[in-house]
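Working notes for the structure below.
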Amino acid sequence: MDTPAMLQLLRDPMGVPFYPAVFQILMVLTFALHLLFVNLSLGTTCLAVIGRLKGGDRWGRLAGGMAQAATASVSGAILLGVAPLLFVQVIYDPFWYASSNLSAGWAIGFIFILMAGYGSLYLARDRKGDAGSVFAGFSFAMFLSAGFIMHVLGFQLVQPEKWLGWYTSHGAASTAGTVLHDFSLPRFLHFVVPAFAVTGVFLMLYSWYFRARSDADAAQLEWAGRLGAKMAFHATTIEAVTGFLWLMVLPRDLSFHSHPLFVLGLILGLGLLGYLYHAQKQAKDHHRFAWPAAAGMLVVILEMAAAREALRVRYLARFGYAISDHRLNLDWGSTALFFGSFVPCLVVLAYILAVAFQSGRVAGLWEAGPRMKAWGKASIALLVAWLVIVAGLGLAITLRNRGL
């Protein structure tokens, strides 16, 4: 099989509506944010399980808070997972569809596994004792399984030279889609271990955030901050090890160890590790290190997402595939609508986050100030305007296509 020729034939003949590099940049940015919430979902769910099993006042209270945080994190992960998936389908369409069809049963099952884990998480949040532990443990297992499926689909994606062998592995065409064909343990661990580093930093932020409340338990928050600092440091250390293990099993012809983004990631990762080491060595007031640690963690995640994309580019370049070779059919209308929708959504999302942030820092009833009220009215106006414009465009196009 001539793999490069096959890939060219699988390209969408319609091309792409805008410059592929723009979609690539947006894919990396949205994937990094998605990954942040995925890590929080896994880490907070795991802490909820541990807290329920350990019992006691401190762990019990922490488990309840982590279960609450997990439900919000999963929502964020789902919301932010749509965009990078769509961008992948635009610029890597032959690879994503081939990988998904080879394991179609698992690709479809992913949705139901995620739904089962999400529903169980609400049951874990609202139940005490052993029942809560069981539901939280089930949620963690489901989320880990969903991550495993996406790992395999992503790994199969970059190995087009094996597709035909997988498809005809038993001497005949296999159309069942029930097999997950390849797996890399170091790669999978490199995406799972950060869940505990991110959650550790989240605990430091948790300690900082609730200190402003008049009803805060300072001892509980200090304990949570100390636990978070230790978690973040040890998990980041393990993450560095899994990163090197992954590097060692990469195909040698990729020479990724010399890629500038890998070198930059190494420098940033070691810098973050050093800061977390300093933070967890402190006797108290770990919340003081929360925001620098969070900023550093976000930078490292963004860099890792960019390095991951650079690695995929090198994988696929071996087969003569480059996103810059897509046929370009500029569609300014759809592009303007996309960015015109993107900006108002950011304004509305920022307003919702600001309300959640401010209202959670007071013990009693929170009342919005003049600026927040004005921001809320502007957000509503933007949503109404967006609905009118999108509905109007849809109606106008429908009438035009019908010759009316």
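Just so it is clear, none of the values below were taken in a lab; they were calculated from the coordinates. Note that the structure is predicted; figures quoted are calculated from it, not measured.
What to note about this one:
- Most mobile of 268, 393, 123 in a GNM of the chain (Cα contacts under 10 Å): 393
- The chain - mean residue ellipticity at 222 nm from DSSP helices (-39,500 (n - 2.57) per run, n ≥ 4, rounded to 500): -27000 deg cm²/dmol
- Fully extending the segment from residue 212 to residue 382, taken as 0.36 nm per residue of separation minus the present Cα-Cα distance, adds 58.0 nm.
- Max mean-square fluctuation residue, GNM over the chain, Cα-Cα springs under 10 Å, options 394, 132, 154: 394
- The chain shape via C-alpha gyration tensor axes, a/c threshold 1.5: oblate
- Partner aspartates and glutamates for residue 162 [C-alpha distance under 20 Å; skip if fewer than 8 residues away on the same chain]: 2, 93, 182, 253
- Candidate lysines for bridging to residue 128, where Cα separation is under 16 Å - those fewer than 8 sequence places away on the same chain excluded: 54
- Average Cα contact separation per residue, the chain, under 8 Å, 6 or more apart, as relative contact order %: 21
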